[in-house]
Amino acid sequence: MKLLDILNFSEEYLKKYSFSKSRLESQKIVAHVLKLDRISLYVYSDMELSLDQKEKVKNFLKEMARKRLSFDEILKTVTPEEKDTISYQDENRELLNKSIEYLKTNGVNDARLDAEYIFAHILGVTRGTLTLNFHKKISEEDRIKIKDTLIQRAKNKRPLQYLIGEWEFYGYPFKVDERVLIPRPDTEILVEQCKFLLQDMENPKVLDIGTGSGAIAITLAKEVPTSSVLGLDISSDALEVAKINRELNNVSNLKLQKSDIFSSVKDKDYSLIVSNPPYIPQTEYETLQPEVRIHEPAGALTDKGDGYYFYKTISKEAKNYLKVGGYLAFEVGYNQADKVQGFMEENGFVIVARVCDYGGIERVVIGRKNGE
């Protein structure tokens, strides 16, 4: 039975014994057994209860019906061990709330989200099951780790993703640290468009320029298993992270190679060249929030100029490495689509798509190499 079914059953059971607030009483029972806040029960409405949990709910119902006592009155008779469980739950919840307030006070956006991720990471649970584990005592060692991590986030402005060392992209896990950019949701749009282009091709060859953590290359290799993907980066540090992520995601159709743009590329018959290059102008880079400017690698964010260097260079050279009918796909900055399209058209590409992100900003530009 699912949690919602248990709640409904418990309510009907107590009604039969004339409990005036049967719904409230049933919520208190289930919340106690599952070690949850009563107000958060419906978040877990589809959760399956274990046999042990269902038996505990059943025993509370029987005891309340037999003694004609409310749940709060019954709870006064619980064992010392159960009382310790309740005190841990309250104590841990208070610690979480204080942590959220600490992050808020220090100007951290999404303070609750960050605090929950930090707690879950250190306690070795998922964020979704964090409060389900609050019945356990948090050790002093873990309390110190939580405190130190909160300070890094609040005072040092170290990004959450680097603190927990891993982040999800397109449903896949990626190890991340200061050697690589943190994968962004906007880049998933670029991957989705590339996947659409590749899905009807037979054994397509893909070149990812500036692979970083390997997010684009690995995801395309996973999503299009018939493809052969080459990820390039000028940074040896970034390539080390990409190799870790290749192993983490069990990818066999991806090679990684050090290269300054096309400098080490030999093949001339790629089906798709994709790139999310450093495109932030230097003047804008200097105004970025500290989480980005201080901690993420500058070389992956800005070309130290107007933000167009890599678009110009890749657009000019890409046609020499694409087969006829092949595609060039870029992620672009919030106001760069027009100029990037111009560079591509100047070099013989026919623009086939300009795609917006979730905020309505043009984020992807795609061109096709026609026959000459």
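Residues whose amide H comes within less than 5 Å of that of residue 205, counting only those at least five positions distant or on another chain, are 228, 271, 272 (H built at 1.01 Å from N in the peptide plane). I want to make sure I understand the PRE zone here: with the label point 7 angstrom from the Cα of residue 37 toward its beta carbon, which residues in the range 88-109 have backbone N atoms less than 19 Å away? What the label zone holds, given the 19 Å backbone N cut-off, is 88-105, 109.
Taking DSSP loops as anything outside H, G, I, E and B, show the longest stretch in the chain free of trypsin sites (Lys or Arg not before Pro) there with at most 15 other beta carbons within 10 Å. My reading of the result: 156-265 is the longest stretch. The Cβ shell under 15 Å around residue 2 holds other residues with a net charge of -3, Lys and Arg each +1, Asp and Glu each -1.
Distance between the pseudo-spin-label points of residue 55 and residue 324 (7 Å out from Cα toward the beta carbon): 7.4 nm. Here the Karplus curve 6.51 cos²θ - 1.76 cosθ + 1.60, taken at θ = phi - 60°, turns the phi angles of the range 22-33 into couplings of 4, 5, 4, 5, 5, 5, 4, 5, 5, 4, 5, 5 Hz, with x standing for Gly and Pro.
Evaluated on the chain, the Kirkwood hydrodynamic radius is 24.0 Å, with distances taken between all distinct Cα atoms. The simple Förster model, with R0 at 30 Å and r as the Cβ-Cβ distance, assigns residue 244 and residue 139 a FRET efficiency of 0.55. Taking θ as phi - 60° and the Karplus parameters 6.51, -1.76 and 1.60, the scalar couplings of the range 209-218 work out to 9, x, 5, x, 5, x, 4, 5, 4, 5 Hz in sequence order, x denoting glycine and proline. Taking every DSSP bridge with both residues inside the range 174-369, close to 40 percent are antiparallel. Beyond 18 Å in Cα-Cα separation lie the following of the pairs 222/255; 35/67; 195/319; 76/136: 35/67; 195/319; 76/136. Backbone N atoms of the range 88-110 closer than 20 Å to the 7 Å Cα→Cβ label point of residue 147 belong to residues 88-106. Give me the distance between the Cα centres of the range 2-28 and the range 278-331, rounded to whole Å. One Cα centre to the other: 59 Å.
Using θ = phi - 60° in the Karplus curve 6.51 cos²θ - 1.76 cosθ + 1.60, the 3J(HN,Hα) couplings for the range 108-115 round to 7, 5, 6, 4, 5, 4, 5, 4 Hz; x is entered for Gly and Pro.
A simple spin-label model places the labels of residue 304 and residue 356 3.7 nm from each other, with each point 7 Å out along Cα-to-Cβ.
The length gained by stretching the chain between residue 287 and residue 18 to full extension, at 0.36 nm per residue less their Cα-Cα distance, is 90.3 nm.
A cut-off under 11 angstrom between Cβ atoms defines the neighbours of residue 176, and their net charge, with Lys, Arg +1 and Asp, Glu -1, is -3. Here the range 39-55 is scanned for amide nitrogen atoms under 12 Å from the site 7 Å beyond the Cα of residue 75 along Cα-to-Cβ, giving 39. Amide H to amide H distances under 5 Å link residue 166 with 176, where only residues 5 or more positions off or on other chains count and H is placed in the peptide plane.
When only the Cβ of Lys, Arg, Asp and Glu is charged (+1, +1, -1, -1), the dipole of the chain relative to its Cα centre reaches about 1020 debye. Can you give the longest run of the chain that contains no chymotrypsin sites (Phe, Trp or Tyr not before Pro) sitting in a DSSP loop with at most 14 other Cβ atoms inside 10 Å? Within the chain, the longest run free of exposed chymotrypsin sites (Phe, Trp or Tyr not before Pro) spans 18-333. Cross-link pairs exceeding 26 Å between alpha carbons, from the set 266/304; 54/145; 266/312: 266/304; 54/145. Each Cα pair under 8 Å and six or more residues apart adds its separation to the average, and for the range 3-75 the resulting relative contact order is 35 percent. Remark on residue 364: its backbone amide H falls under 5 Å from those of 332, 355, a criterion applied only to residues 5 or more positions apart or on other chains, H modelled at 1.01 Å from N.
Bear in mind these aren't lab numbers, they're just calculated from the coordinates by the rules spelled out. All figures in this text were calculated on a predicted structure; none of them were measured in a lab. Backbone-built Cβ (ideal geometry, glycine too); neighbour counts: all protein chains shown.
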